[in-house]
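To start, the structure under review is shown below, and the notes come after it.
The values are calculated or read from the model by the stated rules, or taken from the named source; none is laboratory data. Keep in mind the model is a prediction, meaning the values are calculated, not measured. Virtual Cβ from ideal backbone geometry, glycine too; neighbours counted across all protein chains shown. The protein model used for the area step is the full one, side chains on, heavy atoms only, and it has no ligands, DNA or RNA in it. Shrake-Rupley method; radii C 1.70, N 1.55, O 1.52, S 1.80 Å.
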Amino acid sequence: MSLGRTFTLYTGAKIPAVGLGTWLSEPDKVRQAVLYSLQNGYRHIDCAYIYQNEHEVGQAFTEAKVPRNEVFVTSKLWNTHHRPEYVRPAVEASLKALQLEYLDLYLVHWPVSFAPKGKPEDTPVTPEKDYLFPQKDGKVDLEEVDPLKTWAAMEELVDAGLVKAIGLSNFNIAKIQHILDNCRIRPAALQVELHPALHQQELLDFCAKENIHVTAYSPLGNNIYGKDRTVDDPAIAEVAKKLGKTPAQVCISWAAQRGTSVIPKSVTPSRITENFQDFILEKEDFDSVSSLGSRNRRYNDPGMEEWNCNIFQ
């Protein structure tokens, strides 16, 4: 079982250190994975509209019958919904799919806007790929939307009681600062790619100063581009063997020990169980894992790989 560590958002809400990610989870398997995780102690589930599986997560919530106030649920605003009039219909679509009355945390998924396909009132509960990635001249149809207007619409979701807290994902320091300088409700959390080969220490230090909690996604170096994963590195395997742990447990525990919540994804019951067995690394072992940071390797950059835009500059 997990050590049961939690981190506290500036709102006072507690977010469990180890959660279950639902990205790249196959049809029906995500329902089984979420159900199994909730039945085995997980109380933090990370979702997103783009994953096209929130309806299955919702089925698992219903089947698990865990009291709503015991589970921390995050979802994310997709790139087609940045125009202010699309923000509320987007969260309402996620809530309907998840069979929930509110989200604990709602994030702007990427600092990139796509031209929406259809009217706000036609926002589908379970979207198809052509809705998520509108095309123009053979490329994703990008558009400019003032992030402050998107954020103001996010703030209104808090006012309406649809979400408890709002935050950002994949934003760099300059883009976060722009929100901080102009917001009414501050971001409570930031979700970014973090693992032993990508520390992003400057970003973590900035968020600590601004009291923004950080969640680490792809903590094992998982990616859709066929790149070698961090979790498979011999240095991680060596520490794992020494401690009698799995490489995944080492990466997850390293992330939590840095003060970030962490959301490993799996649909395999044995791995879901293993991932929930975090532990404290001794300094020598923590430093050995941290030594991979010199690689500064980002695995997930759809702007460069797919969308023809520069997200992180």
Name every residue in region 21-36 that is within 22 Å of Asn223 (Cβ to Cβ) and not aliphatic (A, V, I, L, M), in order of residue number.
-> Gly21, Thr22, Trp23, Ser25, Glu26, Pro27, Lys29
Which members of region 267-286 meet the condition of being in contact (Cβ under 8 Å) with a residue 60 or more places away in the chain, in a helix (DSSP H, G or I) and of a type in the set (S, T, N, Q)?
-> Thr273, Asn275
Taking the condition more than 30 Å from Thr11 (Cα to Cα), in contact with a helix residue (DSSP H, G or I) (Cβ under 7 Å, 6 or more places away or on another chain) and not basic (Lys, Arg), does Pro89 pass?
-> no
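Can you tell me which residue is most open to solvent (accessible area, probe 1.4 Å) among those in region 245-266 that are in contact with a Leu (Cβ under 9 Å, 6 or more places away or on another chain) and part of a loop (DSSP other than H, G, I, E, B)?
Among them, the one singled out is Arg258.
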With the condition kept exactly as written, say whether any residue in region 80-92 is surrounded by fewer than 23 Cβ atoms within 10 Å (Cβ to Cβ) and basic (Lys, Arg).
-> yes
For region 103-126, which residues satisfy the criterion of being assigned to a loop (DSSP other than H, G, I, E, B) and of a type in the set (Phe, Trp, Tyr)?
-> Trp110
If you go through region 229-238 one residue at a time, do you hit one that is assigned to a loop (DSSP other than H, G, I, E, B) and open to solvent by 40 Å² or more (accessible area, probe 1.4 Å)?
-> yes
Does Thr123 count as polar (S, T, N, Q), under 30 Å from Pro67 (Cβ atoms) and either open to solvent by less than 40 Å² (accessible area, probe 1.4 Å) or more than 18 Å from the chain's Cα centre (by Cα) (or both)?
-> yes
Cβ pairs under 8 Å, 6+ apart, first in region 86-106 and in contact (Cβ under 8 Å) with a residue 12 or more places away in the chain, second part of a loop (DSSP other than H, G, I, E, B) and acidic (Asp, Glu) | Leu95/Glu101
Here are some residues: Ile185, Ile263, Ile236. Which one is β-branched (Val, Ile, Thr), at pLDDT 95 or above and more than 20 Å from Val18 (Cβ to Cβ)?
-> Ile185
Would you mention how many residues in region 72-98 are touching a His at 6+ places or on another chain (Cβ under 9 Å) and over 16 Å from Pro127 (Cα atoms)?
-> 3
Could you figure out which of (1) modelled with pLDDT under 95; (2) within 25 Å of Gly4 (Cα to Cα); (3) of a type in the set (Ser, Thr, Tyr) isn't true of Ser294?
-> (2)
Could you list, in sequence order, all residues of region 93-114 that are open to solvent by 10 Å² or more (accessible area, probe 1.4 Å), over 22 Å from Trp307 (Cβ atoms) and within 16 Å of the chain's Cα centre (by Cα)?
-> Asp104
Hey, can you tell me all the residues within region 285-313 that are open to solvent by 30 Å² or more (accessible area, probe 1.4 Å), in contact with a helix residue (DSSP H, G or I) (Cβ under 9 Å, 6 or more places away or on another chain) and over 29 Å from Leu142 (Cα atoms)?
-> Phe286, Ser288, Ser291, Arg295
With a cut-off of at least 2 residues that are open to solvent by 30 Å² or more (accessible area, probe 1.4 Å) and farther than 20 Å from Arg83 by Cα, name the helices (runs of 4 or more DSSP H) lying wholly within region 127-205.
-> 173-182
Pull up region 206-225, narrow it to residues that are over 19 Å from Ile311 (Cα atoms) and of a type in the set (A, V, I, L, M, F, W, C), then point me to the one that is most open to solvent (accessible area, probe 1.4 Å).
-> Ala208
